[in-house]
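The values are calculated or read from the model by the stated rules, or taken from the named source; none is laboratory data. All of these numbers come straight from a predicted model, not from anything done at the bench. Cβ: placed from backbone, ideal geometry, glycine included. Neighbour counts: every protein chain shown. Surface accessibility is based on the protein's heavy atoms, side chains included, excluding ligands, DNA and RNA. Shrake-Rupley method; radii C 1.70, N 1.55, O 1.52, S 1.80 Å.
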Amino acid sequence: MAKAGPFSRAIVAMTGVMPRWFVRYISRRYVAGASLDDAVRVMHRLTEQGACFTVDVLGEEITTLDEATFFLEEYRRVMAQILAHGFDANLSIKPTAFGLLIDHETGLENIRRLVKEAAEHDMFVRLDMEDHRVTDATIDAVHTLHAEGLTNVGTVLQGRLHRTLDDIDRMSEQLGPAADHRICKGIYLEPDSIAHTARKAITEATVACVVRGLERGAYVAIASHDDAVIDASLTALKDGGWTNEEGHDPRDPSPPHRQGKGPGYEFQMLLGVRGPLRRGLREQGHRTRVYIPYGEKWYEYSIRRLKENPTVGAQVAKAFLMPWTNRP
Ligand code: FDA
């Protein structure tokens, strides 16, 4: 996403006066609902479309460590439901919701507890990437947990950041084929001293990160709805000798087997965004994972997303006003 234009800024300015019911009406496409039962219902529906999932309990930076307990408990409930229903699903967590910015050691310990419990069920945990204040701490957390033998954890790397190609190299050196990245453009509008800010540059940098991750032997989750990123990734996969067969990874050594993962890569999309594109990729034989956010904090989440990156507002408005351009 590039710099916000006047339309995007106008949408953000309007968020303050939008009635709550209207925000709910719009956001129900992008948020499974307020409760875990809602998320379960959505996963049942999308399982029929051949999708697998990563579940996000809404809520981000917390102000007291007590609040982290809520997230730990709620993710335990999510894990139990995934197992009870036999979903092909893993977890996405926000490190700051576990306390990483308040107290690094306690935050890390909270994350460790969840990752350990997930490991007992062969379940993967993705540390979502937040803004640049936590990039190092999040990557360090992955390194620390892998060093302790917990390899069912990986993070997200943002193509827009200048540092990301180096991060991919460093992580590959430390983690080898156990490195597992979700690569996306990055939603946070970072300053131009550390990030690309023009749309074309962000897109090209993101593609470069996907290619680098594949070349370095990592498992790569390509998280984008942008045709340019997806087409370039498909070309890179073809050039790298991938066929769409599950289990086939032409690299040597190929990443180790992970429960519920594809052959070295997968595509990931947000709930409610570009469903036909996702289903098309699935029909071509690619593993596709849908990001399922749910929780009481749906209102705060929706408003924050718009404010963090005003171009999201334009995309949501376009999908609402011109539904034929972007079906769920
Ligand atoms: P782009 O923004 O160009 O979107 C391409 C097209 O997709 C748009 O033209 C529009 O049609 C549609 N679209 C995209 N977003 C939409 C929306 N919200 N509503 C309606 N239509 C939309 N970021 C981050 O910083 N940390 C993270 O941990 C994650 N995690 C994550 C997980 C998954 C599964 C995905 C798909 C994305 C993320 N992101 C993220 C967000 C990511 O960084 C990026 O901001 C968005 O994916 C939008 O970028 P695209 O590559 O989709 O391109």
Against the definition (touching a residue at least 60 places away in the same chain (Cβ under 8 Å), in contact with a Lys or Arg (Cβ under 8 Å, 6 or more places away or on another chain) and among the small types (G, A, S)), how does G272 come out, yes or no? yes
Only one of (1) within 21 Å of T54 (Cβ to Cβ); (2) within 17 Å of the chain's Cα centre (by Cα); (3) at pLDDT below 95 fails for L189. Which number is that? (1)
R287 - would you say it is charged (D, E, K, R), within 16 Å of the ligand (Cβ to nearest atom) and either under 29 Å from D122 (Cβ atoms) or at pLDDT 80 or above (or both)? yes
With out of contact with any helix residue (DSSP H, G or I) (no Cβ under 8 Å at 6 or more places or on another chain), at pLDDT below 90 and part of a helix (DSSP H, G or I) as the only criterion, which of R258, R304, R279 stands out? R304
Looking across segment 161-176 at residues that are farther than 14 Å from A147 by Cα and open to solvent by less than 60 Å² (accessible area, probe 1.4 Å), the single one that is nearest to the ligand (Cβ to nearest atom) is L161
Evaluation of K318 against (1) more than 9 Å from the ligand (Cβ to nearest atom); (2) more than 24 Å from A34 (Cα to Cα) (one fails), failing number: (1)
Test of understanding: among S193, S233, which residue is assigned to a helix (DSSP H, G or I) and more than 8 Å from the ligand (Cβ to nearest atom)? S233
Residues that are buried (at least 22 other Cβ atoms within 10 Å of the Cβ) and either more than 15 Å from the ligand (Cβ to nearest atom) or more than 16 Å from the chain's Cα centre (by Cα) (or both), drawn from segment 264-280: G264
